[in-house]
Amino acid sequence: MGRALSYVFLIVAVGLPCLSQDTQNMPGMNMESAVESNLPSPHASSGTGWQPASVPERTWMTSRDGWDLMTHGTVFVTYNQQGGPRGEGKAESANSLMTMEQRKLGPGTLLLRQMFSAESLTSPHPGFPELFQTGETYHGQPLVDHQHPHNVFAELAAMYTVPINEKLSWLLYGGPVGEPALGPVTYLHRESASENPAAPLGHHLQDSTHTSFGVVTTGLVIDRFKIEGSAFNGHEPNEERWSIQPAPLTSWSVRGSVAPARNWTAEYSYGRLMHPEALDPTNERRQSASVEYDRPLAKGNWATTVVWGRKHKELQDTRQNSYLAESTLNFLRRNYAYTRLELVDKDELFPQAPLQTSFRIAAYTFGGVRDFMHNEHWQVGLGADVTFYSKPAALDPVYGNNPVSFHIFVRIRPGMMGHVMH
């Protein structure tokens, strides 16, 4: 574990020596105060998604030879205790690193983006323990009560944006690893989820396509509106977390977004995924709708997201819904309070059962972080959270009557918007 964590810190320390956005929160691309005139949109976030332009920037930046260079990332070093008979306690680290390079190119702007994770080394086997979580596989078996680690190459993509007139622009995005126009801004990049080390239970109904091995997206931005469509590889990543796994772009999605003000964004998306799960032959249709709000405060920030996601399995003709509300309040600069409230339909808790039964699970998370290092270069905080659940009584013999889970962690990320201009 220690050797793996050293590897993560080595990436950050050696790869970014002269660069001074968040990470888990990765809003990353909106950087208005530094390079707004060169950016495709002040609302830009992961993939081609939008989040409020007012989200705080925790990033190292510099400019060299016509390129704007930006880096952000996060490391959570965590003790994770999941409650009840199916729970367990593990030491782990959720982590990510994003680098970006952009410049003017011809009539438009070129943005290159890379995202990496060392979670294949720093997650316990078979993954991060998380009660009621499902999705993907380990050693050929469905993952249940665990969250999978992210891939070493979580994004390798480029976006080119060309203004057509004052209120109209065209975008083209794609790469061997990217995020299609489907779902909300992924939880790894949302400011409202920036202090929480765990993935939402509704991740695979909402934003799991953020790492797709092959994506092409095009769209139009019309004033405060955006309409876009993607062709992509809908297969979930396999168990080789270090590899790139190309396949035909047989899945598709469309998304409409609106940014009525710098503090607000909203989206609706729809897509059809061809055989996304390794052990399930069915195709899926997914829908999502979300609203994000961000409000800067005198000595902090308040960010909130509401998400609805639906999965329709065509072969079984079943539908699962998920609902999420999460919020993070940063106050008096060094202090953070956060919550995540979820209601999720789960039909994969007992993969060996002859008939899959859907159960509605509710999870209620409350936590906080206090930065003991807080300057323009680093934010290092100590945090903890606790999660309570409600569930059908039929699950009591397996999960216990009232399981309770908690995390204790150290969170490390860049400070607020440091710049080194050349």
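The values are calculated or read from the model by the stated rules, or taken from the named source; none is laboratory data. Fair warning: this is a prediction, and the values are worked out from it, not measured in the lab. In this analysis, Cβ positions are derived from the backbone assuming ideal geometry, glycine residues included, and neighbour counts consider all displayed protein chains. Heads up: the accessible areas ignore ligands, DNA and RNA and are worked out on the full protein's heavy atoms, side chains in. Shrake-Rupley method; radii C 1.70, N 1.55, O 1.52, S 1.80 Å.
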I need the phi-derived Karplus couplings for region 230-240: 6.51 cos²θ - 1.76 cosθ + 1.60, θ = phi - 60°, integer Hz, Gly and Pro marked x. 10, 10, 7, 7, x, 5, 5, x, 7, 7, 7
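Using DSSP to define loop residues, name the trypsin sites (Lys or Arg not before Pro) in region 166-263 whose beta-carbon has at most 12 other beta-carbon atoms within 10 Å. Mind dumping the intermediate values first?
Numbers: sites: LYS167, ARG190, ARG224, LYS226, ARG241, ARG255, ARG262; in loops: LYS167, ARG190, ARG224, ARG241, ARG262.
Loop-located and lightly packed - LYS167.
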Using θ = phi - 60° and Karplus 6.51 cos²θ - 1.76 cosθ + 1.60, couplings along region 323-337 (whole Hz; Gly, Pro as x): 9, 9, 9, 9, 8, 10, 10, 9, 9, 6, 6, 8, 10, 9, 10
Of the candidates ILE227, ASN263, PRO237, the farthest towards the positive dipole end of region 221-268 (Lys/Arg Cβ +1, Asp/Glu Cβ -1, centred on the Cα centre) is ASN263
Partners for LYS104 among lysines (Cα-Cα distance below 28 Å; same-chain residues under 8 apart left out): LYS167, LYS226
Of all the accessible heavy-atom surface of the chain, with the other protein chains kept in place and a 1.4 Å probe, what percent is carbon and sulfur? 63 percent
Relative contact order of region 316-389: what whole-number percent is it, with Cα pairs under 8 angstrom and at least 6 residues apart? 26 percent
Principal axis lengths of the chain from Cα atoms, whole Å, largest first? 62, 47, 38
Sequence ranges 273-285, 74-86, 90-102, ranked by mean other-Cβ count within 10 angstrom, highest first: 90-102, 74-86, 273-285
What list of ³J(HN,Hα) values in whole Hz, one per residue of region 140-153 in order, does the Karplus curve 6.51 cos²θ - 1.76 cosθ + 1.60 (θ = phi - 60°) give from phi, with Gly and Pro shown as x? x, 10, x, 7, 9, 6, 9, 9, 5, x, 7, 6, 4, 9
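So what is the calculated 222 nm ellipticity per residue for the chain, using -39500 (n - 2.57) for each DSSP H run with n of 4 or more, over all residues, to the nearest 500 deg cm²/dmol? Kindly include the intermediate steps, with their values, before the conclusion.
Details: 5 runs with 30 residues, N = 422.
That calculation yields -1500 deg cm²/dmol at 222 nm.
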Env charge @ GLU195, Cβ radius under 9 Å, K,R +1 / D,E -1, value 0
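Skip the ligands, DNA and RNA, and give the accessible area per residue of the chain with a 1.4 Å probe, whole Å². Intermediate values should be presented prior to the final figure.
Values: 16190 Å² over 422 residues.
So the chain comes to 38 Å² accessible per residue, rounded to a whole number.
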